[in-house]
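Each remark here refers to the structure printed beneath this line.
What follows draws every value from the coordinates through simple rules; no lab data is involved. None of the values given here were measured: they were computed from a predicted structure.
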Amino acid sequence: MAKNSTGNEAPDGQGSSTVVTLDQLCSGELAEVVEVNDRDVRTQTMRLGICGGAMVSCVTRIPAGPIVLRHGLQEIALGRALAKKISIRKHPINGGREIKVDSRASS
């Protein structure tokens, strides 16, 4: 297994092993939070349920403004400066793009 930029092992051939910051996530992409690199930011994000291992998707990127994320059932707007302190790995399923599920579909 290859090691990524944080020194963690990344499975070969299974999606992106590259760790980037949350401000680089594009609309519709799904990612796993790897690490929150600042203690104060970590405290803020933990209150929102965003910590290492959390899955988030980018709802939209507001030009020159915040990034709107979906985590579970909540949508959260994070400023770009805050997002730059959160390391993520884009989710390998569907090339990192969020899979849309029709909530109106019956079981």
Original post:
Long-range amide H contacts for VAL34: which residues qualify at under 5 Å (H placed 1.01 Å from N, peptide plane, sequence gap of 5 or more or a different chain)?
Top reply: GLY53, SER87, ILE88, ARG89
Original post:
Residue by residue, what Karplus-based ³J(HN,Hα) values in Hz, rounded to whole numbers, does region 63-71 have, using 6.51, -1.76 and 1.60 with θ = phi - 60° and x for Gly and Pro?
Top reply: x, 6, x, x, 9, 9, 10, 10, 10
**OP:** Could you list which residues have their amide H under 5 Å from that of LYS84, counting only those 5 or more apart in sequence or on another chain, with H placed in the peptide plane?
**Re:** ASP23
**OP:** Give the dimensionless ratio obtained when the Cα radius of gyration of region 38-96 is divided by 2.2 N^0.38 Å.
**Re:** 1.10
Subject >> Karplus (6.51, -1.76, 1.60) ³J(HN,Hα), θ = phi - 60°, over region 35-47, in Hz, Gly and Pro reported as x >> reply: 6, 9, 7, 9, 4, 5, 5, 4, 4, 5, 6, 5, 5
Original post:
What list of ³J(HN,Hα) couplings, whole Hz, do you get for region 21-32 from phi and the Karplus terms 6.51, -1.76, 1.60, once you set θ to phi - 60° and write x for glycine and proline?
Top reply: 8, 4, 5, 9, 6, 9, 3, x, 7, 10, 8, 9
